[in-house]
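The values are calculated or read from the model by the stated rules, or taken from the named source; none is laboratory data. These numbers were taken from a predicted model, which means no experiment stands behind them. Counting neighbours? That spans all protein chains shown, and the Cβs are built from the backbone with ideal geometry, glycine included.
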Amino acid sequence: MTTTARCIEHLTRAVPAVEAITLCGSHRQGTSDLYSDRDVWVFCANTQPISEHLATTAFLPAGADCEILFEGRDDTLTDHTVVNVLTDAEVLNLKFLHTRVLTSFCAQDPHLDSQYLEDLENYTAMEVLHDPAATIATHQGWLRHHTIDTIPDWLLPPLASRYASTYWRSVYQGVLRTEEHAWRHLALSLVVLLAQTGFAQAGQLPPPRKWLLSPRVLTTLPDGARLTALLDQLHRTSTADPEAVLAFYNALAVCEDAILHDNELHAGMWWRGVFTERFTHLARHTGRPGLLDLAQAAPRPRTAP
């Protein structure tokens with residue numbers, strides 16, 4: 001029996017406070033590699049104190065080789081603690097947490113915060129290894145009914161809204177001000193938001209941030225290869241070259257047209273009006289007629305039906 005299997009069996013048989021055990025992270029997602037920890041979450045009764053000391057002395061089998069990493073917090077009595085068990089084949093990352101953490105999470109209204117989305121993806125998709133009272137199954141069923149089944153209602157509108165405001169700001173930084181680093185940051189945010197929208201369109205929660213733009217994950221989307229190519233184009237583009245910046249926005253427009261659906265946009269792709277309408281006004285007020293030439297080469301707005 002492997003060390004990992006021995007630890008899990010010990011937790012299920014010898015620790016009465018353990019209510020459920022799940023597999024999370026890259027091993028569950030199918031993205032694990034040689035450097036991946038095996039992330040296992042151990043849900044404990046709410047009355048059970050949790051600390052690093054208890055985890056290493058009372059929860060694990062004798063002789064378990066543990067790596068304790070100080071993370072700067074008071075870890076005497078908390079809702080969770082993390083212990084790494086060193087095995088011959090892998091690092092077993094054990095997160096001990098109270099079941100009330102999951103219960104409290106279920107009570108939240110869904111929102112666009114990136115940490116919330118990552119936690120939601122983990123909670124709804126984690127693989128159950130031990131759940132004798134169906135504690136995890138009950139919580140997962142509730143979350144799927146109220147969040148996964150309603151993704152178009154609560155996730156797509158704020159994604160589109162954030163995308164629109166970021167687009168506007170990015171054009172100013174990249175075309176008008178030639179702020180290289182500021183533009184690149186905003187343009188990358190646009191690709192991230194489009195990728196998240198693509199997964200939401202497919203009825204899926206976006207993958208965690210560290211994997212979202214990985215080709216092996218992104219190319220599972222119908223337009224993932226195009227987004228990957230757009231990322232390569234972004235990294236080659238300099239704001240010192242207005243034609244290259246406009247080429248990026250035109251390639252971005254192709255991705256927008258493929259991923260964003262008219263029936264989910266209240267006023268079409270109105271944000272492209274930063275080129276057609278706003279540039280026209282700015283050309284007049286700033287005395288820069290060259291802005292009109294840029295506008296002619298930029299993506300055109302698409303109005304909602």
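Laid out as a table, the results:
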{"read-out": "Test: residue in region 215-226 that is of a type in the set (Gly, Ala, Ser) and either part of a helix (DSSP H, G or I) or modelled with pLDDT of 95 or more (or both)", "value": "yes"}
{"read-out": "Subset of region 177-210 [farther than 30 Å from residue 286 by Cβ and not in a helix (DSSP H, G or I)]", "value": "202, 203, 204, 205, 206, 207, 208"}
{"read-out": "Test: residue in region 178-187 that is under 30 Å from residue 252 (Cα atoms), of a type in the set (D, E, K, R) and touching a helix residue (DSSP H, G or I) at 6+ places or on another chain (Cβ under 6 Å)", "value": "yes"}
{"read-out": "Some residue of region 156-176 being among the basic types (Lys, Arg), in the same structural domain as residue 278 (by TED's automatic domain parsing) and outside any helix (DSSP H, G or I)", "value": "no"}
{"read-out": "Hey, residue 195 buried (at least 16 other Cβ atoms within 10 Å of the Cβ) and under 26 Å from residue 123 (Cβ atoms) or not", "value": "yes"}
{"read-out": "Looking only at region 202-219, and only at residues there that are surrounded by fewer than 20 Cβ atoms within 10 Å (Cβ to Cβ) and more than 18 Å from residue 122 (Cβ to Cβ), the one that is nearest to the chain's Cα centre (by Cα)", "value": "213"}
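Rundown of residues vs (1) over 17 Å from residue 173 (Cα atoms); (2) more than 34 Å from the chain's Cα centre (by Cα), yes/no style:
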{"position": "254", "(1), (2)": "yes, no"}
{"position": "260", "(1), (2)": "yes, no"}
{"position": "265", "(1), (2)": "yes, no"}
{"position": "268", "(1), (2)": "yes, no"}
{"position": "272", "(1), (2)": "no, no"}
{"position": "275", "(1), (2)": "no, no"}
{"position": "286", "(1), (2)": "no, yes"}
{"position": "289", "(1), (2)": "yes, yes"}
{"position": "298", "(1), (2)": "no, no"}
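Residue by residue, here is whether (1) touching a residue at least 24 places away in the same chain (Cβ under 8 Å); (2) surrounded by 12 or more Cβ atoms within 10 Å (Cβ to Cβ); (3) farther than 15 Å from residue 193 by Cα holds:
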{"position": "228", "(1), (2), (3)": "no, yes, no"}
{"position": "246", "(1), (2), (3)": "yes, yes, yes"}
{"position": "249", "(1), (2), (3)": "yes, yes, no"}
{"position": "257", "(1), (2), (3)": "yes, yes, no"}
{"position": "260", "(1), (2), (3)": "yes, yes, no"}
{"position": "269", "(1), (2), (3)": "yes, yes, no"}
{"position": "276", "(1), (2), (3)": "yes, yes, yes"}
{"position": "281", "(1), (2), (3)": "no, no, yes"}
{"position": "287", "(1), (2), (3)": "no, no, yes"}
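Let's see how each residue does on (1) outside any strand (DSSP E or B); (2) within 24 Å of residue 139 (Cα to Cα); (3) at pLDDT 85 or above:
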position	(1), (2), (3)
35	yes, no, yes
47	yes, yes, yes
57	yes, no, yes
73	yes, no, no
82	no, yes, yes
